[in-house]
Amino acid sequence: MVAVIHAASLPRDPLDSIDPLLQAASIADAIELLSDQLTPAVIRAARSDAKGRAELDRIEYALGTIGKALILTDYTIDEEKDMDKLQAFRESQQR
């Protein structure tokens, strides 16, 4: 049996976590659990409904943002530069 995780129960503010390494582990755990829930049946059902399609769009956007954050985040300690790159990506996706 797979536990259902509700997005509302996940922290929204990255500053909620004191230790970024623990936060990374928590995010990885949550994504793994959520990926188990996104079955073909769930996707097909969502595609058959306008609201469901909107939810799939949200999922796709979130995954794209996560992927870009992983790619764009520099290994240097320039957090401001990283946030600028990520913000520019997000803005480009909303056009």
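Of all residues in the range 43-67 being small (Gly, Ala, Ser) and surrounded by 12 or more Cβ atoms within 10 Å (Cβ to Cβ), which is farthest from Gln94 (Cα to Cα)? If you could, list the steps in order and put the result at the bottom.
At the first step, the residues of the range 43-67 found to be small (Gly, Ala, Ser) are 45-46, 48, 50, 52, 54, 62, 64, 67.
From what's left, surrounded by 12 or more Cβ atoms within 10 Å (Cβ to Cβ): 46, 52, 62, 64.
On the way: Ala46: 22, Gly52: 20, Ala62: 13, Gly64: 12 Å.
Checking each candidate, the answer is Ala46.
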Failed item, numbered, when Ile77 is tested on (1) modelled with pLDDT under 80; (2) within 19 Å of Ile27 (Cβ to Cβ); (3) of a type in the set (Val, Ile, Thr): (2)
Can you run down the residue pairs with Cβ atoms below 6 Å, 6 or more apart or on separate chains, where the first is in the range 55-70 and at negative phi and the partner is at pLDDT below 90? Lys68/Phe89; Ala69/Leu86
Can you tell me which of Asp19, Asp13 is acidic (Asp, Glu) and modelled with pLDDT of 75 or more? Asp19
Single residue of the range 27-42 satisfying the filter (acidic (Asp, Glu) and under 20 Å from Ala69 (Cβ atoms)) that is surrounded by the fewest Cβ atoms within 10 Å (Cβ to Cβ): Glu32
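The values are calculated or read from the model by the stated rules, or taken from the named source; none is laboratory data. Quick caveat, the model's predicted, so the values are computed rather than measured. Cβ coordinates were reconstructed from backbone atoms using ideal geometry, including for glycine residues, and neighbour counts include every protein chain displayed.
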